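Here's the structure, in structure tokens; my notes come after.
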Amino acid sequence: MAVTGGVLVTFLITHMLGNLKIFLGAEEFNHYAHWLRTIGEPAVPHRTVLTLLEVLLGVSVVLHMWSAVSLARRARAARPVKYHGKKKSHAHGYAVHTMRYGGVIIAFYVIWHLLDLTFFVVNPKGADATPYERLVADFDPSRWYITVWYVVAVLLVGLHMNHGIWSAFQTLGLRTAGRDKVLRALAGGIAAVVTAGFVAVPVSITFGWVS
């Protein structure tokens, strides 16, 4: 869980930084998109490295979900009878529901995102447009509902990251009484920055700040 989570968090941070290049203009963003597909050339064929990274991410997502299900089943098996006279804390219940149902919504979002900007099936501009044109078309003001859907999904990713990073700190044995507040702030800070970075792009396009 911690290893695959680390892979996914690293991907989200780098992906967010790449998305922010849209604020540097069409030429810079398109150059970045082209570079992703030509990493390693001419030593390796076109798009080889990017495809391998996508496979790694896909495997990480599957293993991450499998780990979550396995850990949940193990926890239930270890305590088949619920505790009596002791209510779960609101924080615990919130975290569980955020990770469980938020994870499902995120999974659907990832599928849509692939169909949109990788396979161009649901993108308004299709395969013939530039990456910049496809992204701008995605969040056109007339398609405000796509922006809302994207923002909701990213907020859930942020909540997922916050809880996941904090859990990883605990799993790795980094949590102590003295470090507790610092680690919580670090987990929340990373999640907040990544969330803000992702949200900035669709919101800026929808409100006409990027066109």
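The values are calculated or read from the model by the stated rules, or taken from the named source; none is laboratory data. Here the structure is a predicted model, which means the values were calculated and not measured. Heads up, the Cβs are rebuilt from the backbone with ideal geometry, glycines too, and the neighbour counts pull from every protein chain shown.
For region 178-200, which residues satisfy the criterion of being assigned to a helix (DSSP H, G or I) and basic (Lys, Arg)? Scanning region 178-200 gives Lys181, Arg184.
A residue that is more than 22 Å from Ala2 (Cα to Cα), under 12 Å from the mean Cα position of the chain (by Cα) and of a type in the set (A, V, I, L, M, F, W, C) occurs somewhere in region 131-151.
Regarding Ala191, is this residue among the hydrophobic types (A, V, I, L, M, F, W, C) and surrounded by 18 or more Cβ atoms within 10 Å (Cβ to Cβ)? When the stated conditions are applied, Ala191 passes them. Tallying residues that are without any contact (Cβ under 8 Å) to a residue 24 or more places away in the chain and of a type in the set (A, V, I, L, M, F, W, C) within region 54-78 yields 9. The combined condition, being out of contact with any Phe, Trp or Tyr (no Cβ under 7 Å at 6 or more places or on another chain) and either at pLDDT 95 or above or among the basic types (Lys, Arg) (or both), is fulfilled by Val201. Restricting attention to region 83-93, does a residue exist that is more than 17 Å from the chain's Cα centre (by Cα), at pLDDT 90 or above and on the phi > 0 side of the Ramachandran plot? No: zero hits. Looking only at residues of region 121-176 that are part of a loop (DSSP other than H, G, I, E, B) and touching a residue at least 24 places away in the same chain (Cβ under 8 Å), we find that the one that is surrounded by the fewest Cβ atoms within 10 Å (Cβ to Cβ) is Leu172.
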